[in-house]
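Data block below; observations after.
The values are calculated or read from the model by the stated rules, or taken from the named source; none is laboratory data. Please read these numbers as outputs of a predicted model, since none were measured by experiment. Cβ: placed from backbone, ideal geometry, glycine included. Neighbour counts: every protein chain shown.
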Amino acid sequence: MTQHAILWSVTIPEPKSFLNKPLPQKTDVLVIGGGFTGTSAALQLAKGGARVTLLEAQTIGWGASSRNGGQALSCLHHTLADAIKEHGQERAKEMFLAATRAADVVEQIVMDEKIDCDYVRCGNIEAAFKPSHFDKLQREQKILHDVADYEVKILPKSETLSELGTDSYHGLMVNPRSGSVQPAKFVMGMALAAERAGADIHEGTQVMGIERAGNSPTNDGTRFMVKTERGDIETKEIMLATNAWIGNVVPQFRQRVFPAESFVIATEPLPRELAQQLIPNNRVVYDTRKTLAYYRLSPDNRMVWGGELTFAGVGAKTNINTLRNGMLRIFPELAKFNIDYFWHGTLGITLDENTHAGQIDGMWYSMCYVGHGVTLATYLGQQMANGILGKASNNPFANLSIPFAPTYQDKAWFVNIGKVWFRFLDMLR
Ligand SMILES: Cc1cc2nc3c(=O)[nH]c(=O)nc-3n(C[C@H](O)[C@H](O)[C@H](O)COP(=O)(O)OP(=O)(O)OC[C@H]3O[C@@H](n4cnc5c(N)ncnc54)[C@H](O)[C@@H]3O)c2cc1C
């Protein structure tokens, strides 16, 4: 039997509850959203001495942050080569280096705050699905070296067995600086660290709207009145950390940021020898398709497999079968193991598939990490907090215009059609 439950939430000690606390009437910085972005921002703000309040509509990590693959990647979604084409060499390099620093920041926070989240700097594998994809990986290795002085390892098809127990791929790229976390433990660990540093955290508190407190700040610096279902809060600064749901809070982002569902299965625990044979160095893995598969072993040796051509709005059984079939194409020896868990989560994406962070109408925001939010959301939450504190802040993702989608309606078919289009591109490339 497959449980419809998130493996990571089932294997976390009873999480602390931040429900039903009285709300303050005033704060200095209001963080909206309790995922990696929001908890990391709250931690940095509280450590910087700000009076910070975090509001989460559901529970800490309820969004993508407790449901993801836990791949803590030291790279961008786009290859550096593609990022250079889009943004120019200097900016693309800064973006890439920010992503590598982001991996360091995750490690630093885990160490400093002693977060027990099964963090390992295991490295990640990008697996070439077609021969032409391997050519692209080889070109990327050279660009990473020449432009960013960053080293990755390339393995041709004849050598892939040292990293993956399959001959399905046409070569691999190994990035040794990536890591993995148990994401539900990591996000809860950051929330607890933020609270220890002085942040005031409230779950079950949905922000319904934001109003300006007037044309100019009041004497005490209040600039915004934030409406929640549990009362209103005056604040000087706002950090928007609602990712896929930002359009509900700030209308300018509607038809620019879309919620996209990603689905995941986890097998029953595998025998240790088999797990080691399939992923010998326990790295996290994804392939080179646009409709990619991402996978890894859990700390208790389950195969955790996500992505593939799965769709919102179709039956769970269909998506489970798609994921399982994708997994068995690579690792047929998993056929006899039960699928214990199936779950899904919602990412924020834009048509340009870039990360976006900066300021809008005097509010700070950071969002849309395109499958790289374990590291980038944590890093940019911290960097936005630095900006709010008036400290130096590194944000090479600032001021990118976000493409508008006039045909977008809040319906699953919009993203589903995008996935079919991506699969079509996968067949051509
Ligand atoms: C299935 C899946 C697999 C993934 N795998 C990986 C991976 O392996 N590696 C990786 O790096 N990334 C991965 N990602 C992406 C990663 O999880 C996200 O980029 C990251 O979690 C985003 O963090 P966040 O804090 O910005 O958003 P979220 O974690 O989504 O948090 C936003 C929070 O805001 C709250 N909220 C929304 N509206 C309001 C409101 N009005 N008032 C109050 N609160 C509100 C929501 O309840 C939510 O908890 C994956 C995502 C999914 C869904």
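Summary of values
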{"quantity": "Scan of region 168-227 for residues that are touching a residue at least 24 places away in the same chain (Cβ under 8 Å) and polar (S, T, N, Q), ordered by number", "calculated": "SER168, ASN175, SER178, SER180, GLN182, THR205, GLN206, THR222"}
{"quantity": "Residue list for region 225-243, restricted to those being farther than 15 Å from GLN25 by Cα and among the polar types (S, T, N, Q)", "calculated": "THR242, ASN243"}
{"quantity": "Filter result (in a loop (DSSP other than H, G, I, E, B) and among the charged types (D, E, K, R)) within region 131-153", "calculated": "ASP149, GLU151"}
{"quantity": "Single match in ALA99, ALA92 (criterion: free of Cβ contacts under 8 Å to residues at least 60 places away in the same chain and of a type in the set (A, V, I, L, M))", "calculated": "ALA92"}
{"quantity": "Meets criteria (surrounded by 17 or more Cβ atoms within 10 Å (Cβ to Cβ), within 30 Å of TYR379 (Cα to Cα), within 14 Å of the ligand (Cβ to nearest atom) and not aliphatic (A, V, I, L, M)) for ASN354", "calculated": "yes"}
{"quantity": "Residue that is surrounded by the fewest Cβ atoms within 10 Å (Cβ to Cβ), among those in region 4-55 that are outside any loop (DSSP other than H, G, I, E, B) and away from the ligand (no atom under 16 Å from the Cβ)", "calculated": "LYS26"}
{"quantity": "Within region 77-103, tally of residues that are more than 11 Å from the ligand (Cβ to nearest atom), within 15 Å of the chain's Cα centre (by Cα) and not in a helix (DSSP H, G or I)", "calculated": "1"}
{"quantity": "Test: VAL106 is over 19 Å from the mean Cα position of the chain (by Cα), within 16 Å of the ligand (Cβ to nearest atom), buried (at least 22 other Cβ atoms within 10 Å of the Cβ) and closer than 21 Å to LYS391 by Cβ", "calculated": "no"}
{"quantity": "Within region 161-269, strands (runs of 3 or more DSSP E) holding 3 or more residues that are within 11 Å of the ligand (Cβ to nearest atom)", "calculated": "207-212, 224-228, 258-267"}
{"quantity": "Options THR27, THR79, THR53; residue that is more than 30 Å from LYS236 (Cβ to Cβ), β-branched (Val, Ile, Thr) and in contact (Cβ under 8 Å) with a residue 60 or more places away in the chain", "calculated": "THR79"}
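This table checks each residue for (1) among the hydrophobic types (A, V, I, L, M, F, W, C); (2) modelled with pLDDT under 95; (3) surrounded by fewer than 24 Cβ atoms within 10 Å (Cβ to Cβ); (4) more than 19 Å from LEU172 (Cβ to Cβ).
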position: SER65; (1), (2), (3), (4): no, no, no, yes
position: ILE84; (1), (2), (3), (4): yes, no, yes, yes
position: GLU90; (1), (2), (3), (4): no, no, yes, yes
position: ALA102; (1), (2), (3), (4): yes, no, no, yes
